[in-house]
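The next block holds one structure in the form of structure tokens; read it before the comments.
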Number of protein chains: 2
Amino acid sequence: LKPSFLNTDVSDTYPNKPLESFMAEPITDKQILQKNAPNSYQARMEIFILKLQKQFCQSLEHFEVEQNSNSRFLIDRWTREDGHGGGITCVLQDGEVFEKAGVNISVVHGKLPVQAIEQMRARGHQFTARNVPLDFFVAGISSVIHPRNPHVPTIHFNYRYFEVTDVDGKVHWCGTDLTPYYLNENDCKHFHSALKKSCDKYDLSFYPKYKKWCDDYFNISYRSNERRGIGGIFFDDFNDAKQEDCFNFVKSCANTVIPSYIPVVQNNYQRTYTAQERDWQLLRRGRYAEFNLVLDRGTKFGFQTPGARIESILMSLPPLAKWKYGLDLKEDSPEMKLMKVLKQPKEWV
Amino acid sequence: LKPSFLNTDVSDTYPNKPLESFMAEPITDKQILQKNAPNSYQARMEIFILKLQKQFCQSLEHFEVEQNSNSRFLIDRWTREDGHGGGITCVLQDGEVFEKAGVNISVVHGKLPVQAIEQMRARGHQFTARNVPLDFFVAGISSVIHPRNPHVPTIHFNYRYFEVTDVDGKVHWCGTDLTPYYLNENDCKHFHSALKKSCDKYDLSFYPKYKKWCDDYFNISYRSNERRGIGGIFFDDFNDAKQEDCFNFVKSCANTVIPSYIPVVQNNYQRTYTAQERDWQLLRRGRYAEFNLVLDRGTKFGFQTPGARIESILMSLPPLAKWKYGLDLKEDSPEMKLMKVLKQPKEWV
């Protein structure tokens, strides 16, 4: 669970040994980041996601090391052509344990177009400015992990801090959700319990609210409301409380990714599986690709954003996926057991 | 090319032996269809697509027979829950030659919502009616063929007759396009020549115009304008000429599917291929899935249509597809040779 080499510093202060704490150089100039860190949420968020990226990548690579595989994360540090930020895309492909694991951070600033401001206003944000672009800043981490073994679930998470220079302009878009191929009830309970615990510390109403939001969001509506997976928590435009409380809540959720997921990998990655189970995994991955391409708001936003790094956005797509016409599931099969939960989400804790 | 058992009757008159001419019972009652056939475009189109479906399915099955494979088309005749028509979905899966071949016809009628009418008006259609739903009828055939061998291209075609009961309400949406994985210039020339020939018989301006429309339509814009394949012809809202000429032109294009494609399959389906070539095919199929899910108007229309048969619409998705982060093509490779044409479409005839 906690390999000895794993850096477990989850704070948002600039580390003493940045080379060991980050996958690559920060996007923001190191000196500026270090100087701003104590008092700026922008800097604290960047440092936090840099550290979380490193820790999560290490946690995953550890399994490859254990299996004597040579697969390691490829690190792509990129900057936007307009100079307004960049990101670090880390991808491990064709591993023994992980067929494709992507962990991406990006830190981008610029002018938010009037249209985007009006969309936020329509969702309830208060802006004093009218018809002028506003400065924005966004720093986020997003990740999708596609394990090879169909008994290991896919995880996705996305934690993002978004700031618009105007009244009421600091929001978080966030979530973690799990997509198993076969239902292991203990794993589902472990995963949801961990998320609930990190929510309950802040507000007892958060977990039920964000759990439902997650079930509603990851819904393939045109497939008779088939959910992508067993959910988790999801929220956007989160700025209910004091800024420091918001930030701490989001950090707490993000820091739950490793303890909620890694034990589930540990429990299942060495299980044997049949060709039929692999087939089912690939068919479910087809649905995963459908959700991401057709319905995911983040992906759609990326398609419409000039200068967006499509290769980093579509890192989420499965390494291999199947589609079959007229799939017929047997009533008492493990595949049908999962399908029933996807059609009718249940409470795990 | 023309197996002896292949029914080659491409007329739109009711056949003497319907059981041998259609894959299943027509959607419209047989007696009514037969009675209306001589004077109704609705009936003539239904008969025509029923025959074309049968002939195309037979042409494809012939290859499976030759390879001693047991794969045959599964025939799903379905009717809409509201009683307003239905379709015949024919799918061959896991064949020796065709990994997934879908040939679908549908015949649907009902009331066209005001919003859809306004969208057509915005595209230039003249309707006298305002703010009332209008009766519509649509009969179409659509098909996507995913061969197993990466040296055999994927073909897609879609020929549709759409009638709205009002002035100027009879239109065709149509097209055929080819998606090779490796560029065989002779095949590309053969394919485009056949389409050009069927266009030139009606109007010399049609092929250049509809070839360009096809290149512009099957464009994955967010992938730096990478085309899905080498194109073909594409047009919608076609009702330039006299109704009988329109109908004959569309039939002529649709009847070009078999002679333009089957010889290309014949030339290549027994070629050997490497694991690397198979891999490239699967990666290109990932792009195919992206286009269909993100950009194709027909698919998007289906997602938004209550009661649409999603399983028939998404029949177009590849049986197996791959996505890889950071694909790097060698400058002089056959893969790069294809990519250059996808980025910069060329004239084949």
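Bear in mind that the values in this text are calculations on the coordinates, not laboratory data. Here the structure is a predicted model, which is why all the values come from computation and not from measurement. For neighbour counting, all protein chains shown are included, and Cβ atoms are generated from backbone atoms with ideal geometry for every residue, glycine included.
With its label point put 7 Å out from Cα toward Cβ, B:R123 sits 3.1 nm from the same residue's point in the other copies, in order from shortest.
Each of B:D200, A:D215 was scored by other Cβ atoms within 10 Å of its Cβ. Arranged with the fewest first, they read B:D200, A:D215. Per residue of chain A, the DSSP helices (runs of n ≥ 4 H) give a summed -39500 (n - 2.57) that works out to -12000 deg cm²/dmol at 222 nm.
With q set to 0.12, 0.16, 0.27 Å⁻¹, the log10 of I(q)/I(0) for the stretch B:264-326, from the Debye formula over equal scatterers at the Cα positions, is -0.43, -0.68, -1.10. Which log10 I(q)/I(0) values, to two decimals, does the stretch A:23-181 give at q = 0.12, 0.20 Å⁻¹ under the Debye formula with one point per Cα? Scattering profile of the stretch A:23-181, log10 relative to I(0): -0.61, -1.22. Short to long, the 10 Å bins of the Cα pair-distance histogram for the stretch A:109-205 hold 13, 32, 25, 21, 9, 1 percent of all pairs. Of B:K30/B:K54; B:K51/B:K346; A:K196/A:K242; B:K35/B:K209; A:K212/A:K340; A:K111/A:K196, which ones are farther than 27 Å apart at the Cα? Too far apart for the 27 Å limit: B:K51/B:K346; B:K35/B:K209; A:K111/A:K196. What does the charge count near A:D76 come to, summing +1 for each Lys or Arg and -1 for each Asp or Glu among other residues with Cβ under 10 Å from its Cβ? Once all neighbours under 10 Å are counted, the net charge is +1.
How large is the dipole of the protein assembly as shown about the Cα centre if only Lys and Arg carry +1 and Asp and Glu carry -1, each at its Cβ, rounded to the nearest 20 debye?
Details: 90 positive and 86 negative charges, 21 e Å.
Value, rounded to 20: 100 debye.
For the stretch B:246-273 and the stretch B:15-76, what is the separation of their Cα centres, given in Å? Cα centroid to Cα centroid, the span is 17 Å. When the charge dipole of the protein assembly as shown is built from unit charges on Cβ atoms (+1 for Lys and Arg, -1 for Asp and Glu) and taken about the Cα centre, the candidate among A:L183, A:T165, B:G302 whose Cα reaches farthest toward its positive end is A:T165. Comparing A:P150, A:Q115, A:F98 along the charge dipole axis of the stretch A:91-203, the residue lying farthest to the positive side is A:Q115, per the Cβ-charge model. Counts of other chain beta carbons within 10 angstrom of each beta carbon in peptide A:321-333 average 5.
With N as its number of residues, chain A has a Cα radius of gyration that, divided by 2.2 N^0.38 Å, comes to 0.98.
What's the long-distance tail for the stretch B:204-278, i.e. % of Cα pairs beyond 15 Å? Result: 70 percent of Cα pairs exceed 15 Å.
What the Cα convex hull of the stretch B:131-269 gives, in volume per residue, is 130 Å³. Per residue of peptide B:283-293, the mean number of Cβ atoms on other chains within 10 Å of the residue Cβ is 3. Chain B residue nearest by beta-carbon to the axis mapping B to A, with distance in Å: B:L293, 2. Charge dipole of the stretch B:6-138 (Cα centre as origin; +1 on each Lys and Arg Cβ, -1 on each Asp and Glu Cβ, all else neutral): 680 debye, rounded to the nearest 20. Evaluated with a Cβ-only charge set (Lys, Arg +1; Asp, Glu -1), chain B carries a dipole of roughly 400 debye about its Cα centre, given to the nearest 20.
The equivalent ellipsoid of the stretch A:244-300 has semi-axes of 30, 22, 4 Å, largest first, where each one is the square root of 5 times an eigenvalue of the Cα gyration tensor. The shape of the stretch A:206-349 can be summarised by an equivalent ellipsoid whose semi-axes, obtained from the alpha carbon gyration tensor, come to 28, 21, 17 Å from longest to shortest. With q set to 0.29 Å⁻¹, the log10 of I(q)/I(0) for the stretch B:54-119, from the Debye formula over equal scatterers at the Cα positions, is -1.18.
All Cα-Cα separations within the protein assembly as shown were binned at 20 Å from zero, giving a P(r) of 16, 46, 31, 7, 0, each value a whole percent of the pairs.
Per-residue shielding of A:86-94, expressed as the average number of other chain Cβ atoms within 10 Å of the residue Cβ, stands at 1.
What longest region of chain B stays clear of GluC sites (Glu not before Pro) that DSSP places outside H, G, I, E and B and that have at most 10 other Cβ atoms within 10 Å?
Working: sites that count: B:E81, B:E331, B:E347.
Answer - B:82-330.
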